[in-house]
Amino acid sequence: ISLGLVGSEMCIRDRMDEQRKAGKRFFAYIPPNAPHAPHVVPEEYYQHYVGKPGVKSEDTAKYLGMVENIDTNFGTMLTKLNEWGIEKNTLVIYLGTDNGATGGRNIFNAGMKGGKNTPYQGGHRAPAFFRWPAGQIPAGVECSALTAHVDLFPTLATIADATLVPKVEQQIEGRDLLRLLQNPNANWPDRILVQHTGRWSKGTAAKSKYGKYSIQNSRFTLVN
């Protein structure tokens, strides 16, 4: 499935289908570069955004068109899983972004302060969606527990029933999310997460490493 990666659609889809036909499990990691500059996207995806409220430039319209393109292709992937008969037994994880909002921040930012390259929640908080009908993950349920990207590896290791060698276990900083996915009200002890925006001008690292950071627990966030 293309998901904004030009020329990759047949390759990714065919590889998934090959594994399915062979009766093998597969893991597909599909990281699109969109929405990101340069905003190159077909006209049919962005023309209807031109002139809409908050859309002050064609470039912003193209940014939104890129978002729509991902949404369309993600739907295509779900449809294909259904056609293949593996929809219920496939865990689909959608991670919304690798950083805060940029091009569409002035239109919608979920009430958060800041954006990309800031230590505020608008700079690092991101949505994550998990879909796995046969894995007994309830549909349409929200969970507000404090989680992070470091939780993905131990979660997938648990689901795959993988045995981790001691050297790997010592490096794991995250938690297994499976209990939360199956029950969003499961016991989840409070934790402290630290976010740091590691971007500064050349020669300023000694000073800048103490700026643009936040320390967060489930109730408060201390910024800078």
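I'd like the full set of residues that are over 30 Å from Thr102 (Cα atoms), touching a residue at least 40 places away in the same chain (Cβ under 8 Å) and open to solvent by less than 50 Å² (accessible area, probe 1.4 Å), limited to segment 133-158.
Gly135, Ile137
Quick check, is Lys56 among the basic types (Lys, Arg) and in contact (Cβ under 8 Å) with a residue 60 or more places away in the chain? Give the derivation first.
On the way: among the basic types (Lys, Arg): yes; in contact (Cβ under 8 Å) with a residue 60 or more places away in the chain: no.
Spelling it out, it is not the case that Lys56 is among the basic types (Lys, Arg) and in contact (Cβ under 8 Å) with a residue 60 or more places away in the chain.
What do you reckon, is Asp59 open to solvent by 70 Å² or more (accessible area, probe 1.4 Å), out of contact with any Phe, Trp or Tyr (no Cβ under 9 Å at 6 or more places or on another chain), within 30 Å of Asp14 (Cβ to Cβ) and assigned to a helix (DSSP H, G or I)? Don't jump to the end; show me each part of the working.
On the way: open to solvent by 70 Å² or more (accessible area, probe 1.4 Å): yes; out of contact with any Phe, Trp or Tyr (no Cβ under 9 Å at 6 or more places or on another chain): yes; within 30 Å of Asp14 (Cβ to Cβ): no; assigned to a helix (DSSP H, G or I): yes.
It is false that Asp59 is open to solvent by 70 Å² or more (accessible area, probe 1.4 Å), out of contact with any Phe, Trp or Tyr (no Cβ under 9 Å at 6 or more places or on another chain), within 30 Å of Asp14 (Cβ to Cβ) and assigned to a helix (DSSP H, G or I).
Within segment 191-203, is there a residue that is of a type in the set (S, T, N, Q), closer than 23 Å to Met112 by Cα and open to solvent by less than 60 Å² (accessible area, probe 1.4 Å)?
Step one: of segment 191-203, the residues of a type in the set (S, T, N, Q) are 195, 197, 201.
Among the residues that remain, those that are also closer than 23 Å to Met112 by Cα are: 195, 197.
In the following step, the residues that additionally are open to solvent by less than 60 Å² (accessible area, probe 1.4 Å) were identified as 195, 197.
Yes, the conditions are met somewhere in segment 191-203.
Would you mention how many residues in segment 176-190 are acidic (Asp, Glu), surrounded by 10 or more Cβ atoms within 10 Å (Cβ to Cβ) and within 18 Å of Arg125 (Cα to Cα)? It would help to see each step written out before you state the result.
The first filter runs over segment 176-190 and keeps only residues acidic (Asp, Glu), leaving 176, 190.
Subset that is surrounded by 10 or more Cβ atoms within 10 Å (Cβ to Cβ): 176.
Okay, now just the ones that are also within 18 Å of Arg125 (Cα to Cα), so none.
Result for segment 176-190: 0.
Could you go through segment 89-102 and let me know if any residue there is more than 17 Å from the chain's Cα centre (by Cα), over 30 Å from Ile215 (Cβ atoms) and part of a loop (DSSP other than H, G, I, E, B). Show your work before the answer.
Of all residues in segment 89-102, those more than 17 Å from the chain's Cα centre (by Cα) come to 89-90.
Narrowing the set further to residues that are over 30 Å from Ile215 (Cβ atoms) leaves 89-90.
Those left that are additionally part of a loop (DSSP other than H, G, I, E, B): 89-90.
Scanning segment 89-102, I find at least one residue that is more than 17 Å from the chain's Cα centre (by Cα), over 30 Å from Ile215 (Cβ atoms) and part of a loop (DSSP other than H, G, I, E, B), so the answer is yes.
May I ask you to list the residues in segment 161-175 that are open to solvent by 60 Å² or more (accessible area, probe 1.4 Å) and more than 23 Å from Asp98 (Cβ to Cβ)?
Of segment 161-175, the ones open to solvent by 60 Å² or more (accessible area, probe 1.4 Å) are 161, 163, 165-167, 169-171, 173.
Within segment 161-175, Asp161, Thr163, Val165, Pro166, Lys167, Glu169, Gln170 meet the criteria.
Test of understanding: among Thr97, Thr90, which residue is open to solvent by 50 Å² or more (accessible area, probe 1.4 Å) and in contact (Cβ under 8 Å) with a residue 24 or more places away in the chain? Let's see the steps before the verdict.
Working: Thr90 fails: open to solvent by 50 Å² or more (accessible area, probe 1.4 Å).
The match here is Thr97.
Scan segment 32-51 and tell me whether some residue there is among the small types (Gly, Ala, Ser) and either open to solvent by 60 Å² or more (accessible area, probe 1.4 Å) or in contact with a Lys or Arg (Cβ under 8 Å, 6 or more places away or on another chain) (or both). If you could, list the steps in order and put the result at the bottom.
The initial filter retains those residues of segment 32-51 that are among the small types (Gly, Ala, Ser), namely 34, 37, 51.
Filter again for either open to solvent by 60 Å² or more (accessible area, probe 1.4 Å) or in contact with a Lys or Arg (Cβ under 8 Å, 6 or more places away or on another chain) (or both), leaving 37, 51.
Yes - at least one qualifying residue is present in segment 32-51.
I'd like the residue in segment 204-224 that is of a type in the set (D, E, K, R) and exposed (fewer than 14 other Cβ atoms within 10 Å of the Cβ) and, out of all such residues, is farthest from Ala134 (Cα to Cα).
Among those that are of a type in the set (D, E, K, R) and exposed (fewer than 14 other Cβ atoms within 10 Å of the Cβ), it is Lys207.
The values are calculated or read from the model by the stated rules, or taken from the named source; none is laboratory data. Just so we're clear, the structure is a prediction, and the values are computed from it rather than from any experiment. So basically every Cβ, Gly included, is an ideal-geometry build from the backbone, and we count neighbours across all protein chains shown. The protein model used for the area step is the full one, side chains on, heavy atoms only, and it has no ligands, DNA or RNA in it. Shrake-Rupley method; radii C 1.70, N 1.55, O 1.52, S 1.80 Å.
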